[in-house]
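Peer 1: To start, I am sharing the structure in question, which I have written as structure tokens.
What follows draws every value from the coordinates through simple rules; no lab data is involved. Please read these numbers as outputs of a predicted model, since none were measured by experiment. Cβ sites come from the backbone with ideal geometry, for glycine too, and all protein chains shown count toward neighbours.
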Amino acid sequence: SHSIRRFSTSPSSSIQKITIYGAGLMGAGITQVAAQNGLDVTMVDVSPDAIKKGKNIIDASLKRVASRLHKDDEKKRTEFIENVWKNISSSTDSSAAAVDADLLVEAIVENMKVKQELFSQLDKVAKKSAIFASNTSSLIISEIAKATNREENFAGLHFFNPVPQMKLVEVIRTDKTSNETCEKLMDVTKRMQKTPVTCKDTPGFIVNRLLVPYILEAFRLVGRGEATHADVDTAMKLGAGMPMGPFELADLVGLDTLKFIADGWRQSGKIDAHLVAPVKELDDLVANGDIGRKSGKGVYSYP
Ligand code: NAI
């Protein structure tokens, strides 16, 4: 056996082979965590270059995990990293990679049409019993699922960035998602050492549904001149027990992402419009290219 860990207690029908579509930030993270926990993973992207980028993300993260686990033992560090890589294959052939997978997780670009096209193609080649899942943050799961003939085997599986560190996974059920699909996804999530929660297919699911309006409200408070950004962040950390203030979090998530989600929900009409009403400071920052940590400047500067 090449796995690091085996799950003899799991039912034989449980998920063993996973294919992840998208070798970006999220896809690489999900691949790594699955492989680290003994699942057999294939990571798919559109080009060898994109696969290489995903592998570099995994490599850097695994080195950090290994030095934490085996601080003073180089041999064990190397062995740990090699064993994880034994569970990972990669492919640029999306159909071939679908054929024997028990679970197919999509973490490609946040675009409804592109996601529907991928799933429609995979639906024709994947096993009938295979479960399809999307890691989308802001799109409606049932709308993506409509592109397939397996809506009972379709759900959202929403990981958080950075995947190796963040413990939560939201399992999103549409009206069509079966109990069995939901249970298998909860099971595989736990085997990946994450904590699953379930929720319905509504904008933002649980975490972002609360977080996005909260961050926008923080911008509005500062926009009215009631307090400074820094004082709002300090207040929420020390007075509400938040590990980061709303503006620190906004800069980390990316102001472009935040605006993209808020605008999308407003246009969808599925959420009270005032909760995601446009915020001038956010719109101005994004228009300026000041989108947060990744650009060196957002609400704060990151020299
Ligand atoms: P990313 O831009 O880092 O990676 C996307 C990858 O998908 C790229 O490597 C791209 O080449 C690839 N791709 C595009 N079309 C493809 C196709 N047809 N087949 C295979 N690969 C394809 O994006 P990121 O940040 O990893 O996000 C991916 C998904 O995860 C999005 O749906 C996003 O909403 C969701 N998500 C993102 C979070 C974040 O914090 N970045 C958090 C939770 C979910």
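Peer 1: Restricting to Cα pairs below 8 Å that are 6+ residues apart, what does the relative contact order work out to for the chain? Please round to a whole percent.
Peer 2: 13 percent
Peer 1: Just rank Tyr302, Tyr21, Tyr214, fewest to most, by other beta-carbon atoms within 10 angstrom. If you can, show how the numbers build up before the last one.
Peer 2: Numbers: Tyr302 11, Tyr21 24, Tyr214 14.
Arranged by neighbour count, lowest to highest, Tyr302, Tyr21, Tyr214 become Tyr302, Tyr214, Tyr21.
Peer 1: Next question. By a straight-distance test (C-alpha under 26 Å), which lysines pair with Lys128 as possible cross-link partners, with residues fewer than eight away in the same chain excluded?
Peer 2: By straight Cα distance, Lys128 reaches Lys17, Lys113, Lys115, Lys146, Lys176, Lys184, Lys190, Lys200.
Peer 1: Note down the magnitude of the dipole of region 17-200 about its Cα centre, charges +1 on Lys and Arg C-beta and -1 on Asp and Glu C-beta and zero elsewhere, to the nearest 20 debye.
Peer 2: For this selection, approximately 380 debye.
Peer 1: For Met43, list long-range residues whose amide hydrogen, built 1.01 Å from N in the peptide plane, is under 5 Å from its own amide hydrogen.
Peer 2: Ile20, Ser89, Ser90, Ser91
Peer 1: Fewest first, what order do Asp284, Asp263, Asp233 take by the number of other Cβ atoms within 10 Å?
Peer 2: The most exposed by this proxy come first: Asp284, Asp263, Asp233.
Peer 1: Hey, another quick one. On a C-alpha basis, how far is the centre of region 98-142 from the centre of region 254-303 in Å? Whole number, if you could?
Peer 2: Measuring centre to centre over Cα atoms gives 27 Å.
Peer 1: While we're on this one: Using Cβ contacts closer than 10 Å as the measure, can you line up His158, His274, His70, His229 from fewest to most? Working shown, then result.
Peer 2: Working: His158 25, His274 9, His70 16, His229 20.
Exposure proxy ranking, most exposed first: His274, His70, His229, His158.
Peer 1: Follow-up. Please compute the Kirkwood hydrodynamic radius over region 17-200, one decimal place, Å, based on all pairs of different Cα atoms.
Peer 2: After inverting the pairwise mean of 1/r, the radius is 16.4 Å.
Peer 1: Averaging the inverse of every distinct alpha carbon separation and then flipping it gives the Kirkwood radius. What is it for region 208-293, in angstrom units?
Peer 2: Roughly 13.1 Å, rounded to one decimal.
Peer 1: Further, regarding this structure: Run the reach check for Lys297 against lysines, Cα to Cα strictly under 27 Å, same-chain hits fewer than 8 apart removed. What comes back?
Peer 2: Partners found: Lys53, Lys237, Lys259, Lys280.
Peer 1: Right, here's the next one. Which Cα, out of Ala230, Ala273, Phe260, lies furthest along the positive dipole direction of region 208-293 (beta carbon charges, K/R +1, D/E -1)?
Peer 2: Checked the options; the winner is Ala273.
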